[in-house]
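Throughout, read-outs are computed from the coordinates displayed, never taken from laboratory work. Since this is a predicted model, take the numbers as computed values, not measurements. Virtual Cβ from ideal backbone geometry, glycine too; neighbours counted across all protein chains shown.
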Amino acid sequence: MQKHIVVIGAGPAGLESSANLSNLGFRVTLVEKEEVTGGHLNKWHALFPSLASGKHTIEAIVKGLNPGIKIQTATKVTGIEAVNDYFTVSGHNGWQEKADAVVLTTGFQLFDSHRKEEYGYGIYENVITSADLEKQFASGKEFVNRQGKKPERVGFVHCVGSRDEKVNNLHCSKVCCITAVKQAIEVKQMIPEADVFCFYMDLRMFGRHYEELYKQAQEKYNIQFIRGRLSESTEDKDGNIIVKVEDTLLGKPLRIKVGLLVLMAGMEFPPATKALTNMLGLKNVSDGFIQPLDEVLHSNLTEIPGVFIAGTCSGPKSVSDTMADARSAALAVAEYLK
Amino acid sequence: MEKKVKNFGYSVTRDRQIDFDANNHDVGKIVALAEPTLHLCISCGTCSATCTASQFTEFSLRQVILLVRRGETKGLLKEVSKCMLCGKCQLVCPRNVSTRNLIIQISRALCNHEVSGSAMLKP
């Protein structure tokens, strides 16, 4: 009998895992809580480092889906139960399926920048997040701040909600450094006369071509990198944001006015998924994300045979790393079910 | 000899803060035009680690570059004059910054700024 796999979450990881599992000859059901598949990628204008379109990327992934895959959208998974040698997965709307294996591709949630109150998100109009900026890029509208003016200066704040124990997040979200570099370049392309600043603690250019993009940001676009974590921002009467930071390489405090401040929001483990992992009895380590059986040897396996993980539910990843992880999870499932 | 200054029992502490908006950025702009590799510096400190002048004085090319970028140019000419233009920094820079010419261009811009009040080079 054809084995059946339920994949939970239809972002890039869920879509790619499903495509591969289906091609390997399994029956696949992909469950998604939203009305549409694609996850966070739907709201992302361009991907680093190549500036590939987010929309085209998701379209290409969806194109790879075998028509045999059953896609169950608008269904929030509320229960997973291990029964003998199979799992019963059920949704809020009465949907239920039996599965021989379950793949969790539930992704991440964006850090809520309101929690860093001292940065002024939700208080000052011209403090926005990296996700807000992507939406603005995707809208294709002229790049202006909330007063309808082209900002003369734009600041990017790295590590918002990452590497910060004050918000209970010790971990690095990995992708924000390179995203800030990418977005800084995009802002310069739209407003060449603007001065753009990145406030960082460390620049973690770990991926292929990231360092090149960083160099291009300096050389071609004259983007200024100031090493120091923002202490606070305030607003002047014209709606500009006054930023206070230590220039740690000079050992002096620095103040600077910007027309728009962009907070690079990090990745967190979604509480909705926490309920599922609790139900299964899966271990979440101190950073909240799901712990694989072995980080080197079995990164897609969990402590429970038949339950697999792929994508950012097991820690922050770029889209390309997520895709590779999704393919590797499909192979791990195939090995388990053979 | 002790200066006869009336002691009021208090003094004024000057603000250490870099006021980016109040600073003059002409020197930085002129230097970047004359030597665009200024943009490539990543403040790694290899230059100042190899520098003979840095060994014996407070001079640090890494800091000079940052001060120029922030528009903190007051008193910088005296700092820059400590460089002996040996060029060792250029041999070790991982980003291929043309450090020797950079120092020359910074000195020129600062001199012009001091003499004429503007960093702009006269034709």
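See the values below:
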{"item": "No Cys partner within the rule (Cβ under 4.7 Å), chain B", "result": "B:Cys41, B:Cys44, B:Cys51, B:Cys83, B:Cys86, B:Cys93, B:Cys111"}
{"item": "Charge dipole magnitude, Cβ of K and R +1, D and E -1 - the range A:113-217, Cα centre, debye nearest 20", "result": "180 debye"}
{"item": "A:Glu193 paired with A:Leu170, simple spin-label distance in nm, labels 7 Å along Cα-to-beta-carbon", "result": "4.9 nm"}
{"item": "Cβ neighbours within 10 Å from other chains - mean over A:252-258", "result": "5"}
{"item": "Inter-probe distance in nm under a simple model that places probes 7 Å from Cα toward Cβ, at B:Asn7 and B:Ser116", "result": "4.9 nm"}
{"item": "Check: the range B:42-116 dipole with +1 on Lys, Arg Cβ and -1 on Asp, Glu Cβ, in debye", "result": "140 debye"}
{"item": "Geometric extent, Cα atoms of chain B - Rg, Dmax (angstrom)", "result": "16.9, 54"}
{"item": "Proxy reagent accessibility, fewest Cβ within 10 Å first, across B:Met84, A:Met264, A:Met1, A:Met190", "result": "A:Met1, B:Met84, A:Met190, A:Met264"}
{"item": "Under 10 Å, Cβ to Cβ, from A:Ala19 - net charge with Lys/Arg +1 and Asp/Glu -1", "result": "+1"}
{"item": "Tilt relative to chain A, helix A:130-139 - C-alpha long axis, 0 to 90 degrees, to 10", "result": "90 degrees"}
{"item": "Trypsin sites (Lys or Arg not before Pro) lying in DSSP loop within the range B:1-104, provided at most 13 other Cβ fall within 10 Å", "result": "B:Lys3, B:Lys4, B:Lys6, B:Arg14, B:Arg16, B:Lys74"}
{"item": "Cα→Cβ-extended label distance, 7 Å offset, between A:Ile123 and A:Lys150, nm", "result": "3.1 nm"}
{"item": "Longest DSSP-loop-exposure-free segment, GluC sites (Glu not before Pro), chain A, at most 12 other Cβ within 10 Å", "result": "A:36-141"}
{"item": "Listed residue pairs exceeding 29 Å between alpha carbons, taken from A:Lys55/A:Lys283; A:Lys174/A:Lys215; A:Lys3/A:Lys63; A:Lys116/A:Lys149; A:Lys166/A:Lys257; A:Lys116/A:Lys182", "result": "A:Lys55/A:Lys283"}
{"item": "11 Å beta-carbon shell around A:Gly161, net charge (K/R +1, D/E -1)", "result": "+1"}
{"item": "Karplus 3J(HN,Hα) series, Hz, for the range A:166-175 with 6.51 cos²θ - 1.76 cosθ + 1.60 (x for Gly, Pro)", "result": "5, 10, 6, 10, 7, 6, 8, 8, 6, 8"}
{"item": "Estimated translational D of the protein assembly as shown in µm²/s (Stokes, Kirkwood radius over Cα pairs; 10 °C; 1.306 mPa s)", "result": "64 µm²/s"}
{"item": "Estimated dipole of the protein assembly as shown in Debye, rounded to 20 [Cβ of Lys and Arg +1, of Asp and Glu -1, Cα centre]", "result": "1400 debye"}
